[in-house]
Amino acid sequence: GTGNVLRVQEMLHQCAEHLTEDAEHQAAAVLGLGLITMGEDVGSEMILRTFDHLLHYCELPIKRAIPLALAVLHISKPDFAVIDQLSRLSHDPDAEISQNAIIGMGIVSAGTNNSRVAGLLRQLSEFYSREAGHVFCVRISQGLLHMGKGLMTINPYHSDRMLLNGPSLGAVLVLLHSCFDLKNTLLDKSHYLMFYLTSAMNPRMLITVNEDIEWRPTTVRVGQAVETVGQAGKPKRITG
């Protein structure tokens, strides 16, 4: 989440070799790109363009990790462009890319009840009705999408990306790393790795308490954070 440009260059350097096997380090480097730049909007937008380049010019091991890296950038925050990209990748002829894209859609929309993603997942379950592995991935994503009836989130960031919850991010990473080899992990006997996500789940609601942990009614402002750097006067930091 630091957005460190030198680290991004190191990761891209790992992806420069054209390897078709023994390329696990490249998949991890692609995921690393997402992790480094997930901390702020500018870095996230810039890395999307880099992912496009990787999709065009790199070998399969790197392409298979890109849906997961896209998912890391927008955990529980369904962005229109990212959902669109993952939806395209979910129809890829390579089975692993499409399975990762389906699980990526679940992570991006986790606990949001997003109707667009719900529609896309229903279409995918019909499209892949004969492929057991794909259907299993669609079911996982549908479960993530409707998690807690839309009152839960797995986003590791709090307070407008000021605080990062380490164990929460680690839990999501366990799932993403197991997706590097879906055939032998989630689609085989290690499906219990999904349970790691429980340490990332948080309620989307706010409960205010006093120093004795007793419930207190409080007036709060609900809305999106607004960037107010360099504006004159005292602009509001939150919409609504």
Of K63/K183; K149/K234; K77/K236, which ones are farther than 28 Å apart at the Cα? K149/K234
Would you mind telling me which residue in E96, E24, E131 has the biggest mean-square fluctuation in a Gaussian network model of the chain, where springs connect alpha carbons within a distance under 10 angstrom? E131
What translational diffusion coefficient, in µm²/s and rounded to a whole number, does the Stokes-Einstein relation yield for the chain at 25 °C and a viscosity of 0.890 mPa s, taking the hydrodynamic radius as the Kirkwood radius over Cα pairs? 130
Among 198-208, 75-85, how do they line up by average Cβ neighbours within 10 Å per residue, starting with the highest? 75-85, 198-208
Show the residues, 5+ positions off or on another chain, whose built amide H is closer than 5 Å to the amide H of T153. N202, R204
Between the residues S190, Q123, I97, the Cα farthest towards the positive end of the dipole of the chain, that dipole coming from +1 and -1 charges on the beta-carbon of Lys, Arg, Asp and Glu, is from Q123
How large, in percent, is the carbon and sulfur part of the accessible surface of the chain at a probe radius of 1.4 Å? 56
Report, in debye and to the nearest 20, how large the dipole of the chain comes out about its Cα centre when Lys and Arg carry +1 and Asp and Glu carry -1 on their Cβ. 960
Using only the C-alpha atoms of the range 6-69, find the volume of their convex hull and express it per residue in Å³. 69
Sorted on mean Cβ neighbours within 10 Å (highest first), peptides 226-233, 86-93, 170-177 come out as 170-177, 86-93, 226-233
Of every Cα-Cα pair in the range 71-170, the percent that sits beyond 19 Å: 39
Virtual spin-label span in nm between E45 and D181, 7 Å along Cα→Cβ: 3.9
For the range 177-240, what Kirkwood radius comes out of the mean inverse Cα-Cα distance, in Å? 16.8
With 0.36 nm assigned to each residue of separation and the Cα-Cα distance removed, E17 to T2 gains 2.9 nm
Can you tell me how much longer the chain between H158 and Y196 gets when fully stretched, taken as 0.36 nm per residue apart minus their C-alpha distance, in nm with one decimal? 11.7 nm
Determine the distance separating the Cα centre of the range 176-206 from the Cα centre of the range 1-31; give it in Å without decimals. 23
Quick one: give the max-minus-min coordinate of the C-alpha atoms of the range 75-131 along each principal axis, largest first, in Å. 28, 18, 15
Per-residue counts of other Cβ atoms within 10 Å, averaged by peptide: what ranking do you get for 211-219, 147-155, 59-67, 101-109, highest first? 101-109, 59-67, 147-155, 211-219
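The values are calculated or read from the model by the stated rules, or taken from the named source; none is laboratory data. Please read these numbers as outputs of a predicted model, since none were measured by experiment. Note that each Cβ is placed from the backbone with ideal geometry, even for glycine, and that neighbours are counted across all protein chains shown. The area values use the complete protein model at the heavy-atom level, side chains included, leaving out ligands, DNA and RNA. Shrake-Rupley method; radii C 1.70, N 1.55, O 1.52, S 1.80 Å.
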